[in-house]
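Throughout, read-outs are computed from the coordinates displayed, never taken from laboratory work. These figures come from a predicted structure and were not determined experimentally. Cβ: placed from backbone, ideal geometry, glycine included. Neighbour counts: every protein chain shown.
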Amino acid sequence: MYYYIYMESINILTLRETEVLSLIIEGKSNPEIAEKLCISIHTVKAHIDSIYKKFGVHNKVQAAVYAILHNIIEQNTKI
């Protein structure tokens, strides 16, 4: 039971992590994310590392797929 409580608490993204993740899904590079959000590249990397830990993933593609599959970030589809 502790495991489930722990997993719930770490899967909550901050607002800034959500913004970073949205830009990752758009395919933006770290420098592009930094410029768009007016933060340093070091800060972008820190947010990305936090996202990886919360999702249990190792790269941006895995993070984007996880977010979309778990409805953390809704993908806008254009038809």
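Remarks
- The single condition among (1) within 15 Å of N71 (Cα to Cα); (2) among the hydrophobic types (A, V, I, L, M, F, W, C); (3) surrounded by 13 or more Cβ atoms within 10 Å (Cβ to Cβ) that I48 does not satisfy is (1).
- Cβ separations smaller than 6 Å between residues 6+ apart or across chains give the following pairs from region 50-75 residues that are in a loop (DSSP other than H, G, I, E, B) to residues that are of a type outside the set (S, T, N, Q): V57/A63; V57/Y66; I73/L21; I73/I25; I73/A67; Q75/I68.
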